[in-house]
Amino acid sequence: MIYVSDYISPIGKITLAATDEGIIGAWIEGQKYFFNKIEQKDLVCQENEELRKAKAWLDDYFAGKKPELTRLKLAPKGSEFAMAVWKVLREIPYGETTTYGEIAKKIAEQKGLKRMSAQAVGGAVGHNPISIIVPCHRVVGSNGSLTGYAGGIEIKAKLLAHEEANKL
């Protein structure tokens with residue numbers, strides 16, 4: 001069973017989804033890959049404990065309190081590669097950014113490879129199902145440009161400004 005509930009945020013409606021194992025989705029209204037690979041028939045419009053915790057986390061985030069990810073159980077579904085990328089995303093500190101290339105270097109090191117494609121990393125970052133909580137908005141282009149965000153570049157800019165990321 002997948003529980004879903006909406007959260008009204010300063011950047012718009014966010015649809016949250018969770019199982020009893022943890023949060024599986026947080027999608028900004030209108031974002032690409034909304035409910036990607038989740039069957040509508042499996043959804044129940046009702047809150048569970050994980051959704052209540054996610055809403056409290058988002059309340060703290062939007063209040064500028066820098067909430068810790070350890071407060072939430074995250075249970076995204078994806079390929080082994082995507083899961084590795086999403087794990088690296090969770091390590092990007094509040095208010096800081098990194099590049100697709102830096103993440104690619106990290107993944108290459110973890111896998112014992114000489115190099116990894118930043119484009120492949122970009123694909124996994126773009127398919128992150130837990131927006132904001134798993135901070136894919138903190139990934140920028142190699143020149144610091146705000147590139148690619150499934151929720152839209154304008155939302156990415158607002159999130160980074162909210163965090164005063166690298167004093168943008």
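The values are calculated or read from the model by the stated rules, or taken from the named source; none is laboratory data. Note that the coordinates shown come from a computational prediction; the quantities given were computed from them, not determined experimentally. Neighbour counts run over all protein chains shown; Cβ positions are idealised from the backbone, glycine included. With ligands, DNA and RNA removed, areas are computed over all heavy atoms of the protein, side chains included. Shrake-Rupley method; radii C 1.70, N 1.55, O 1.52, S 1.80 Å.
Would you mention how many residues in the stretch 120-153 are assigned to a helix (DSSP H, G or I) and farther than 17 Å from I92 by Cβ? So the answer is 3. For the stretch 115-168, a tally of residues being in contact (Cβ under 8 Å) with a residue 60 or more places away in the chain and charged (D, E, K, R) returns 3.
Restricting the stretch 152-168 to residues that are open to solvent by 20 Å² or more (accessible area, probe 1.4 Å) and among the small types (G, A, S) leaves a set whose member that is nearest to the chain's Cα centre (by Cα) is G152.
Filtering the stretch 120-137 down to residues that are on the phi < 0 side of the Ramachandran plot and among the aliphatic types (A, V, I, L, M), which residue is most open to solvent (accessible area, probe 1.4 Å)? Among those residues, the one meeting the criterion is A120.
For (1) free of Cβ contacts under 8 Å to residues at least 24 places away in the same chain; (2) hydrophobic (A, V, I, L, M, F, W, C); (3) closer than 24 Å to G141 by Cβ, each residue gets a yes or a no:
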{"site": "K55", "(1), (2), (3)": "no, no, no"}
{"site": "K65", "(1), (2), (3)": "yes, no, no"}
{"site": "R71", "(1), (2), (3)": "yes, no, no"}
{"site": "L89", "(1), (2), (3)": "no, yes, yes"}
{"site": "T97", "(1), (2), (3)": "no, no, yes"}
{"site": "Y100", "(1), (2), (3)": "no, no, yes"}
